[in-house]
Amino acid sequence: MEDHIRFDAENCALLLLDQRKLPLVEETFVCRTVEDVVFALQTMVVRGAPAIGVSAAYGCCIALRQALTAGAYWMNELGRLLNLLAQARPTAVNLAWAVGEMRTAWGGAHDPRLLAGVWLALARKIQADDIAANKAMGRFGGALLNDGDTVMTHCNAGALATAGYGTALGVIRGAVDMGKRIAVIANETRPFLQGARLTAYELHKDGIPVTVACDNACSLLMRRGLVDKVVVGADRIVANGDVANKIGTSGVAILARHYGIPFYVAAPSSTFDLDTADGGLIPIEERTPLEVTHVGGARITPDQVPVFNFAFDVTESALITGIITELGVLYPPYTSIAATIGQRACT
Ligand code: MRU
């Protein structure tokens, strides 16, 4: 699946498979303005760290066209629109990274026609590079899985969360491509249900055996010996190896350590933020309470009762068996992150 993020260059429109409606309805959401792209990012029409980075890169192309309506002030307006895109969601660093790459390529140059060409090519490159990185992770990570393994994953770190192939699901696809028989347990991932809706959707489509489990079944499944390995994605990996990922991930990691199950993270170098020292400094997005208080439009909690809706948590690096990147696999104590990932993630 590589056609869920498309850019219609002729009409300067971003076409997104609407992930809010999956798996029941496959519908395209069209973004023609930066405000449309920000809406798509914030309401999770498109979600997943690399996917929001790719979408924001195309969002910059839309921003340029929109900014030109400001006439002589187009450069100021463009700067403002890029800020809107970069700040649409705070935790996944790929978003700010992608807008930063586009900003660097602009460099304040004054010819908008030239910039339009440069940006379109760069956005397409960010998209293609992400697929290539995922396939490389699939090769490195696929080698870590054994024939017959059952792999638990949390949230959706698949094709839908990236430009294609996936990070955590890319590792599973890599192992399957090597001829290994892999079964997957997809944690349902309350409240947005990325596991139940999206991971199950794309693995089932690919014919990879997948079973959905309630988030709170994790301990029982591990205790019964039904989980051989855990592989998850990441929204931000900081200098000491701490990892922000979907809320609930750290609980899965703690349980995996308790039951002696290897816990792997798969992420491209665009997910690394080496300017942040440890996970306690990562901004954690808080989303609308409605995602928790309502299911399918119907209220499930008493009116007036407050709820927590933190979208991410941080898994300490000490709980992580290995971090699979497109450049190789990193192992504790993660002191080699800077050497392996280098400056690429920080620019
Ligand atoms: O809120 P979401 O759905 O954007 O969160 C996504 C995740 O937490 C994914 O696990 C992460 O972005 C890795 S995607 C390859």
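The values are calculated or read from the model by the stated rules, or taken from the named source; none is laboratory data. No experiment lies behind these values; they were computed from the predicted model shown. Please note: Cβ atoms are built from the backbone with ideal geometry, for glycine as well, and neighbour counts cover all protein chains shown.
Quick look at the values:
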{"quantity": "Residue check for GLU202: of a type in the set (D, E, K, R), over 24 Å from MET137 (Cβ atoms) and modelled with pLDDT of 95 or more", "calculated": "no"}
{"quantity": "Count of the stretch 132-157 residues which are more than 17 Å from PHE263 (Cα to Cα) and within 12 Å of the ligand (Cβ to nearest atom)", "calculated": "2"}
{"quantity": "Qualifying residue in the stretch 8-18 (condition: in a loop (DSSP other than H, G, I, E, B) and modelled with pLDDT under 95)", "calculated": "no"}
{"quantity": "Of all residues making up the stretch 248-260, the number that are near the ligand (Cβ under 10 Å from one of its atoms) and assigned to a helix (DSSP H, G or I)", "calculated": "1"}
{"quantity": "The stretch 19-60 - residue that is among the hydroxyl-bearing types (Ser, Thr, Tyr) and assigned to a helix (DSSP H, G or I) and, of those, surrounded by the most Cβ atoms within 10 Å (Cβ to Cβ)", "calculated": "TYR58"}
{"quantity": "ASN83 vs. criteria within 20 Å of ALA96 (Cα to Cα), modelled with pLDDT of 95 or more and exposed (fewer than 14 other Cβ atoms within 10 Å of the Cβ)", "calculated": "yes"}
{"quantity": "Selection from the stretch 218-246 of residues that are loosely packed, with under 15 Cβ neighbours inside 10 Å and among the hydrophobic types (A, V, I, L, M, F, W, C)", "calculated": "LEU220"}
{"quantity": "Restricting the stretch 269-280 to residues that are farther than 11 Å from ILE323 by Cβ and not in a helix (DSSP H, G or I), the residue that is farthest from the ligand (Cβ to nearest atom)", "calculated": "ALA277"}
